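A short write-up of the structure that comes next.
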Ligand code: AMP
């Protein structure tokens, strides 16, 4: 199949050909014509399957072919959960609109607000941003969405996990008119909150579900290794990173401190490694991503900030030094390899502290994960047994008593008292007085 069969403008097809992209992937063949026909889309497709082009092509096609609803407001708004992912989408968009009069602006947290206001005053047709910063601009009225034609949510599930539901609702309300079209994409949309939120965001969407988020990714070989403690994990890590078949490798850790510690450890082995964590300034983060993508480092050690948005075909291995708490995050982390039809290897180290996460991931992936061991580096730890269900005292001794008949009420029922807030929440913490503002990753 060729891109022209999808109905996109020939200028787009030429731009794709310059990038060596000649035939659409499955998600593109299905989502592009559906979106061009004007339907809302709810699409789930595995990591690295070409989702970005699946929404960028119909978006740019629309800007090229149809008259704008408003000359001042952006026509397309694309929201992505992390700065890295938004930057990735922005770069692809810029390649596609090269040589046209279409303009795109990137609006991300951590970057200068006033510079963004100036860029937005130039009335770009396409805006790409992270939810928190887009909401800030809406509140300051430096961005208005009454003329918005196409609203796109990339990885909406992650935005909800990060606590951005209020910002997504604000964006939705400010662009809430009959002519708006909405597209929602991710590899993991089977998420209870996504179900609820998408009912608000989408109107009679066409569902395109090309992958089961719970199924193993066919291009990624996934193996797990038990580890007894930190030193054991370090020894396993050294073993894997020094194998001959490793091209570029991304290592995920639970803590920022470990990103630095492990990159230093690898540097002592003469392996070029760099640490990337969310607390670094935005320009430093982009700089690290850029040097890694240019192949100047063999290994990137990071936390979940890079679990979505890094699209490098040279990444042959992903190593989970620690397992992520959320099963969906595991799917996105390992999806940094095995992209665009290439094969990849995902290795996860499972110590006692990772056990609960492992159980959650195993259940999410329908029990398809398997353990292996390295000669000379076998672990004593083999997982914990599930706890036996407890029988309560009352179950043991008390036979069920028949219910006594209710006495009639003598006193007049009093007015119900105003509820007094409990001193602690269900999770045992003092209740929050105000909802905390989520921070962008
Ligand atoms: P994505 O899932 O959008 O992050 O894309 C994953 C990778 O596949 C990126 O490197 C894209 O450039 C590449 N890609 C997307 N569409 C195609 C296509 N139709 N043919 C070949 N490669 C593609």
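The values are calculated or read from the model by the stated rules, or taken from the named source; none is laboratory data. Just so we're clear, the structure is a prediction, and the values are computed from it rather than from any experiment. As a convention, Cβ positions derive from the backbone with ideal geometry for all residues, glycine included, and neighbour counts pool all protein chains shown.
Annotations for the structure displayed:
- Flag if residue 84 is assigned to a loop (DSSP other than H, G, I, E, B) and surrounded by 15 or more Cβ atoms within 10 Å (Cβ to Cβ): no
- Qualifying residue in the stretch 279-295 (condition: under 20 Å from the mean Cα position of the chain (by Cα), at pLDDT 95 or above, surrounded by 19 or more Cβ atoms within 10 Å (Cβ to Cβ) and more than 16 Å from the ligand (Cβ to nearest atom)): no
- Cβ pairs under 6 Å, 6+ apart, first in the stretch 335-363 and part of a strand (DSSP E or B), second within 16 Å of the ligand (Cβ to nearest atom): 344/220; 344/337; 344/338; 346/220; 346/318; 346/334
- Residue within the stretch 110-123 that is at pLDDT 95 or above, surrounded by 23 or more Cβ atoms within 10 Å (Cβ to Cβ) and closer than 21 Å to residue 59 by Cα present: no
- Pairs with Cβ under 9 Å, 6+ apart, first in the stretch 117-140 and outside the structural domain of residue 55 (by TED's automatic domain parsing), second buried (at least 23 other Cβ atoms within 10 Å of the Cβ): none
- The number of residues in the stretch 124-172 that are out of contact with any helix residue (DSSP H, G or I) (no Cβ under 9 Å at 6 or more places or on another chain) and either under 26 Å from residue 32 (Cβ atoms) or at pLDDT 95 or above (or both) comes to 3.
- Screening residue 76 on (1) in contact with a strand residue (DSSP E or B) (Cβ under 8 Å, 6 or more places away or on another chain); (2) over 26 Å from residue 289 (Cα atoms); (3) within 11 Å of the ligand (Cβ to nearest atom) shows it passes everything except condition (3).
- Number of residues in the stretch 241-272 that are surrounded by 19 or more Cβ atoms within 10 Å (Cβ to Cβ) and within 22 Å of residue 339 (Cα to Cα): the value is 7.
- Test result for residue 60, part of a helix (DSSP H, G or I), away from the ligand (no atom under 13 Å from the Cβ) and modelled with pLDDT of 95 or more: yes
- Scanning the stretch 241-260 for residues that are touching a residue at least 12 places away in the same chain (Cβ under 8 Å) and not in a loop (DSSP other than H, G, I, E, B) gives 241, 248, 249, 250, 251, 252, 256, 258, 259, 260.
- Annotation: of all residues in the stretch 1-55 being in contact with a strand residue (DSSP E or B) (Cβ under 8 Å, 6 or more places away or on another chain) and not in a helix (DSSP H, G or I), the one that is nearest to the ligand (Cβ to nearest atom) is 45.
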